[in-house]
Structures are given as C-alpha cells and as structure tokens.
1. Under a straight-distance cross-link criterion of Cα-Cα below 24 Å, which lysines are reachable from Lys51, leaving out those fewer than 8 residues away in the same chain?
2. Counting other Cβ atoms within 10 Å, keep those with at most 16, restrict to DSSP loop, and tell me which trypsin sites (Lys or Arg not before Pro) in the range 59-164 are left.
3. Taking a ≥ b ≥ c as the square roots of the eigenvalues of the Cα gyration tensor of the range 45-213, is the shape rounded (a/c under 1.5), prolate (a/b larger than b/c) or oblate?
4. Over the Cα atoms of the range 1-125, compute the convex hull volume and normalise it per residue, giving Å³.
5. Please list, ordered by chain and number, the residues whose modelled amide H lies under 5 Å from the amide H of Ser64; skip anything fewer than 5 residues away on the same chain.
6. Have a look at the DSSP beta bridges in the chain and tell me what percent are antiparallel, nearest 5.
7. Students often get this wrong: which residues of the range 169-204 have the backbone nitrogen under 17 Å from the point 7 angstrom along Cα-to-C-beta of Lys31?
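Just so it is clear, none of the values below were taken in a lab; they were calculated from the coordinates. Note that the coordinates shown come from a computational prediction; the quantities given were computed from them, not determined experimentally. All Cβ positions, glycine included, derive from the backbone under ideal geometry; neighbour counts span all protein chains shown.
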Amino acid sequence: MTRLLSNLYPVTKTIKSDFSGTLEITWYNGKKHLNTKNANYSFGSLQRILKFGLNNIDLNSINSILLLGLGGGSVIETLRSDFNYKKSITAVDIDPVIIEIAKIEFDLIENDQLKIVCEDALQFMKINKDQYDLIIIDLFIDIVMPKPFLELSFWQNVIKASSTNGSILFNASLEKTKSNSLNDVISFLKTRMYQTVVFEKFNDTNTIIIAKGL
Ligand SMILES: C[S@@+](CC[C@H](N)C(=O)[O-])C[C@H]1O[C@@H](n2cnc3c(N)ncnc32)[C@H](O)[C@@H]1O
C-alpha cells in the first residue's frame with residue numbers, strides 16, 4: 001500500500017542519527033530514498049551521480065571494490081543491477097544507524113561478496129593493509145564532506161590501498177567552486193601518476209573526480 005500511495009505523494013519516516021541528525025526515508029515515485037535535512041544520501045540524485053561516475057570506469061577489469069560511505073547502499077544496487085558486478089565489495093560507514101537502515105529498509109545483505117564495516121573511514125584507511133581495484137569515496141555528513149578527507153595524509157592511504165592501475169571514484173564536493181584543498185588533492189593524484197578527470201557541477205550540484213592509475 002505504501003508503495004502505491006507513494007506514486008501520488010511521498011511518505012516519510014524519520015530516524016535520528018548521532019552523526020547525520022534526522023534521517024528521512026521517503027517513498028517517491030514508487031522507490032524509497034534516504035535523505036538528510038539538506039541532502040539526498042541514497043537512491044535519488046546521488047545514485048544517478050555515482051552511476052555517471054561508474055559509466056566512466058571499465059568495470060570488467062575490477063575484481064574488488066572498497067566503498068567508503070555506505071549510506072543506504074544505492075551504489076551497491078547500481079553495481080549489482082545495472083553493471084552486473086557480482087564480485088567483492090567492502091563497504092565502510094561510521095554510522096551504525098545508517099548501516100541498520102541499509103539492511104532493514106534497503107534489504108542490503110552481508111555475504112561472501114559484501115562485507116560491511118562500521119568504522120570511521122579515516123581510521124579504517126590508516127590500518128588497512130588490503131588493495132582494491134576500485135575505491136569509491138562518498139563521505140558526507142549532510143551536505144558537508146568532513147575536512148580530514150581532503151587532507152593529503154588520507155589520500156596517501158587511498159593510493160596505498162589502490163591496486164596497480166586501480167581506479168578511484170570520488171564524490172568530491174557540493175560546493176560551487178573547487179576549494180584549495182580539493183585542488184591540492186587533484187594535483188596530488190596527478191603527481192602520483194593517476195590520470196585524473198574532474199566533472200564540475202555534474203547535475204548542477206556535485207563535483208565528481210575519476211582517477212585511473214597509469
Ligand atoms: C552520501 S552518503 C553515502 C551514500 C552511498 N554511497 C550510496 O551509494 O547510497 C554519505 C555517508 O558517509 C558516511 N560518513 C560520513 N563521515 C564518515 C566517516 N568519517 N567514516 C565513515 N563514513 C562516514 C555517512 O554516515 C553517510 O552514510
């Protein structure tokens with residue numbers, strides 16, 4: 001019934017999170033979305049933006065993915081359903097409430113191909129010893145990307161975790177212009193031999209960066 005009614009108008013349920021404030025689960029056009037006060041976290045425009053990024057990456061050569069910022073898991077749905085990617089994904093999120101929402105509201109199931117880690121991505125990357133063919137970085141608290149994720153110490157750990165010829169998809173900013181720190185990250189990737197393409201204001205909102213190790 002909820003799904004039918006949602007074709008006429010959105011139905012919203014709210015859940016409190018210590019990290020992201022009030023989270024809204026909203027039925028819209030027959031599909032559930034996860035939103036914060038000011039942003040779409042999952043299954044709306046965010047899902048389309050990451051799908052655009054994935055369209056620019058050759059997924060045939062990817063055997064392992066690290067996702068920093070699980071949210072409701074919409075990019076996992078895109079990978080599995082639209083790109084038929086069935087191999088390994090490790091997803092990290094700091095927020096246990098979000099992880100529970102991903103499982104209960106968006107039917108995400110942990111199995112041999114999907115490992116979910118509840119941890120601060122900064123800490124996870126400091127101690128991580130594994131390498132991944134694709135690293136997706138989508139770390140926001142509402143509309144803000146926490147500052148440490150634009151520091152080069154974090155990006156050094158990202159490069160360490162990236163396989164030879166690995167790719168990085170970075171949902172980098174919702175700001176109107178690129179900050180100095182984001183420009184520093186782009187320069188850093190280029191000096192570390194990553195072919196780096198920047199899509200500014202994709203969808204009029206997000207700056208997306210795609211980097212491929214040469
Ligand atoms: C836009 S949502 C991710 C959406 C998700 N990629 C998808 O496809 O549906 C941003 C996520 O980043 C997470 N996040 C923010 N800061 C974090 C941190 N320090 N460590 C890990 N996750 C963090 C938030 O809890 C939130 O779930």
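1. Lys31, Lys32, Lys37, Lys86, Lys87, Lys103, Lys115, Lys176, Lys178, Lys190, Lys201, Lys212
2. For trypsin sites (Lys or Arg not before Pro) across the range 59-164 that sit outside H, G, I, E and B with at most 16 neighbouring Cβ atoms in 10 Å, the list reads Lys86, Lys87, Lys129.
3. rounded
4. 116 Å³
5. Result for Ser64 returns Asp133, Leu134.
6. The antiparallel fraction comes to roughly 60 percent.
7. 203
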